[in-house]
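Trainee: Mind having a look at this structure? Questions to follow.
The values are calculated or read from the model by the stated rules, or taken from the named source; none is laboratory data. Every value quoted in this text rests on a predicted model; they were computed, and no experiment measured them. Glycine gets a Cβ as well: all are built from the backbone with ideal geometry, and neighbour counts include every protein chain shown. Accessible surface is based on the protein model in full, side chains and every heavy atom, while ligands, DNA and RNA are left aside. Shrake-Rupley method; radii C 1.70, N 1.55, O 1.52, S 1.80 Å.
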Amino acid sequence: MADPAASAVRPASTMLLLRDGSDGMEVFMVVRHHQIDFASGALVFPGGSLDPDDQAAALKPELFANPDKLDATALAFRIGALRETFEECGILLARPNGSPTLISAIDAKRIEAKHRAALCEGKIKFSAILADEGLVLALDLLVPFAHWITPVAMSKRFDTLFFMARAPEDQVGAHDGHESVDSVWVTPHQALADTKTGRFKLVFATERNLIKLGENRTVDTALDAA
């Protein structure tokens with residue numbers, strides 16, 4: 001008889017932050033801490049399980065842009081993707097309330113210094129940060145890329161939506177030093193090549209998504225294809 005716990009599936013979101021580099025399109029990736037119980041030591045895209053606050057925030061329309069009139073479930077996945085991006089990268093895809101442009105790098109850095117550590121430690125909610133700072137999440141910039149569900153036989157399972165977005169040009173991503181111990185902007189082809197040489201380790205889903213992503217040379221073509 002199958003273990004009931006093995007069939008439980010956690011909703012999760014993952015973000016592919018993209019930028020154009022001198023050798024082609026690059027994606028931001030982090031190296032997971034070796035003591036993390038899932039994908040330990042692997043090169044991954046920022047992401048993780050949804051938080052209850054992601055679902056609560058989805059019911060507060062003042063906190064996000066929703067031009068496509070997405071339902072609460074779809075919104076929660078996107079909010080989770082941007083929360084995880086802020087936690088694991090320090091990059092914040094949000095606009096000041098009433099502004100058509102993303103927050104400046106200076107403001108993003110100030111908000112990161114003030115709130116990122118507390119958010120990662122569970123001492124503050126993402127929705128509270130947005131409300132306190134007068135921010136609206138730029139959910140309209142996210143493009144769905146892939147959908148993976150962990151096989152039933154695995155002991156830890158996730159129902160994961162992968163999103164992609166162009167990274168803000170003036171915000172510099174960096175790993176958190178806790179769940180992730182290194183970070184890199186890398187072309188999909190280089191990430192795959194470095195895996196073959198043993199520099200990086202990839203889980204199956206990440207490898208397949210890098211292969212798919214590598215079919216595009218620029219951010220524009222990748223977003224259009226997705």
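Trainee: Determine Rg/Rh for the chain; Rg is computed over alpha-carbon atoms and Rh is the Kirkwood hydrodynamic estimate from the same atoms.
Mentor: 0.95
Trainee: Taking the simple approach of a point 7 Å from Cα along Cα-to-Cβ for both Thr101 and Ala65, what is their distance in nm?
Mentor: Once both label points are built, they end up 1.4 nm from each other.
Trainee: How large is the helix-only mean residue ellipticity at 222 nm for the chain, computed as the sum of -39500 (n - 2.57) over DSSP H runs with n ≥ 4, divided by its residue count, in deg cm²/dmol to the nearest 500?
Mentor: Computed mean residue ellipticity for the chain: -8500 deg cm²/dmol.
Trainee: Once you charge only the Cβ atoms, +1 for Lys and Arg and -1 for Asp and Glu, what is the size of the charge dipole of the stretch 87-204 about its Cα centre, to the nearest 20 debye?
Mentor: It works out to roughly 280 debye.
Trainee: To two decimal places, what compactness ratio does the stretch 104-204 give when its Cα radius of gyration is scaled by 2.2 N^0.38 Å?
Mentor: This ratio for the stretch 104-204 stands at 1.33.
Trainee: Pick from Ala193, Ala12, Ala94: which residue has the top mean-square fluctuation in a GNM of the chain where Cα pairs under 10 Å get a spring?
Mentor: Comparing Ala193, Ala12, Ala94 in a Gaussian network model of the chain, the most mobile one is Ala193.
Trainee: Kirkwood hydrodynamic radius for the stretch 45-118: how many Å is it when counted over pairs of different Cα atoms?
Mentor: 13.1
Trainee: How would you rank 134-147, 114-127, 74-87, highest first, on the average number of other Cβ atoms within 10 Å across their residues?
Mentor: The densest-packed peptide leads the list: 74-87, 134-147, 114-127.
Trainee: Among the lysines, which have Cα under 24 Å from the Cα of Lys60 when same-chain residues fewer than 8 positions away are ignored?
Mentor: The reachable lysines, counting only those whose Cα sits under 24 Å from Lys60, are Lys69, Lys114, Lys123, Lys125.
Trainee: How big is the charge dipole of the chain about its Cα centre, in debye rounded to the nearest 20, if each Lys and Arg gets +1 on its Cβ and each Asp and Glu gets -1 on its Cβ? Don't skip to the end; give the middle numbers.
Mentor: Values: 23 positive and 31 negative charges, 62 e Å.
Using only the charged Cβ atoms, the result is roughly 300 debye.
Trainee: Next up: Rank by packing, highest mean first: peptides 214-226, 18-30, with packing defined as the count of other Cβ atoms within 10 Å averaged across residues.
Mentor: Taking the mean over residues of other Cβ atoms within 10 Å, the ranking is 18-30, 214-226.
Trainee: If amide H atoms are built 1.01 Å from N in the plane of the peptide, which residues on other chains or at least 5 residues away come under 5 Å of the amide H of Val136?
Mentor: So Val136 has HN proximity to Arg95, Asn97.
Trainee: Carbon and sulfur atoms: what percent of the 1.4 Å accessible area of the stretch 37-146 do they account for?
Mentor: Carbon-and-sulfur percentage of accessible area, whole number: 55.
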